[in-house]
1. Assuming R0 = 22 Å, can you tell me the calculated FRET efficiency for the pair R271 and E78, based on Cβ-Cβ distance, to the nearest 0.05?
2. Go ahead and run the numbers for FRET between D29 and F96, Cβ-Cβ distance against an R0 of 22 Å, rounding to 0.05.
3. Run through the DSSP bridge list for the chain and note the antiparallel percent, rounded to the nearest 5.
4. Could you work out [θ]222 nm for the chain from helices alone, using -39500 (n - 2.57) per DSSP H run of at least four and dividing by all its residues? Round to the nearest 500 deg cm²/dmol.
5. Want the number for T290 to V195: 0.36 nm per residue separation, take away the alpha-carbon distance, what's left?
6. Could you give the length gained on full extension between R71 and R149, defined as 0.36 nm per residue of separation minus the Cα-Cα distance, in nm?
7. Using 1/(1 + (r/R0)^6) with R0 = 30 angstrom and r between the beta carbons of S312 and S263, what's the FRET efficiency to the nearest 0.05?
8. If the chain between S179 and D22 were fully stretched, how many nm would it gain, using 0.36 nm times the residue separation less the Cα-Cα distance?
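Please treat every number below as a calculation from the coordinates, not as lab data. Just so you know, these numbers come straight off a predicted model, no measurement behind them. Note that each Cβ is placed from the backbone with ideal geometry, even for glycine, and that neighbours are counted across all protein chains shown.
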Amino acid sequence: MPELSQEDLDGIYAFAVQLGKDAGRLLLDAARLRCSDDREPEQDHVEKANAVDLVTQTDEGEETYSKGTSRDYLIDDEPTWCVDPLDGTVNYIHLFPMFCISIGFIVNSVPTIGIIYAPFLSQLFTACRGRGAFLRTHDGPPQPLPLVRHPVPPMPAKAPSGCVFSCEWDKDRRDRPDSNMHRKVESFVNMAAEVGGRDGKGGMVHGVRSLGSATLDLAYAAMGAFDIWWEGGCWEWDVAAGICILQEAGGLVTTANSPDDPSTAPIEDVRLGSRLYLAIRPAGPLEMETGRQGQERTVREMWRRVRQLDYSRPGA
């Protein structure tokens, strides 16, 4: 197919921003209706795989794909919309404000436009490749990301020590030896433990955060509020918009799983359908290293501390 022009992308970007605003208002209206005395009694949600894998009427659109048994990776080089009408379903059900609409537009398998709108927080994150990444709040003017820009702070010299580490528990709660849940728990403890602890894997991070929304984890990394995000198990609609926004802000997104030789292996951009993600916030230079070198140093230190996760899928 013909290449999309910048004018084409600008038009799609404007449409996606307005769509995100409109969809976010619908999401907010639906949340308010749940609190209203006028609401007719109904079941707010249903379980899919287990008691934490939930779907509501509000995000049923996503389920037309994810209810399938194969979960094949369907994105190719054709321009493709990748939308999550409600990321953070459990949060929405409990009226915890960390939920959002997530809209990604993918060109040549690369997230090219990203829109994330968290209506309870009045936070609208937007990005178009080559146009920068922005945050709008309460209909105010857009602020370029990351928010701290003069200068953008470097990654801490002893990262992950000194970092805010973001992670999620995922919906796979099987209590089996060496399950993904057990591997995650071990990795979380490694990150939190004192430096030198855990057989040298202690990260001594400033804090560990779980928002319950992978999309917002990436947005907050783009903002600079989170330094590191590590996760396995997400689907492409959970991350497409956030990856675009983070990369356009200057962040790095690669695989969660360490290669055989983490000290020398090249650090490549993540494959969108891999379900394995490690994100580093935008970073400025530190002494004799560039911002990118600081990000890659942090990636290698992360790889030394986390367990390999197993989230295989067909077609990715």
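1. 0.80
2. Efficiency for this residue pair is about 0.80.
3. Antiparallel bridges: around 85 percent, rounded to the nearest 5.
4. -9500 deg cm²/dmol
5. Value of the extension gain: 31.7 nm.
6. 24.1 nm
7. Working: r = 26 Å, r/R0 = 0.85.
The formula returns an efficiency of 0.70 here.
8. Working: separation 157, 0.36 × 157 = 56.52 nm, distance 4.02 nm.
Stretched out fully, the S179 to D22 stretch lengthens by 52.5 nm.
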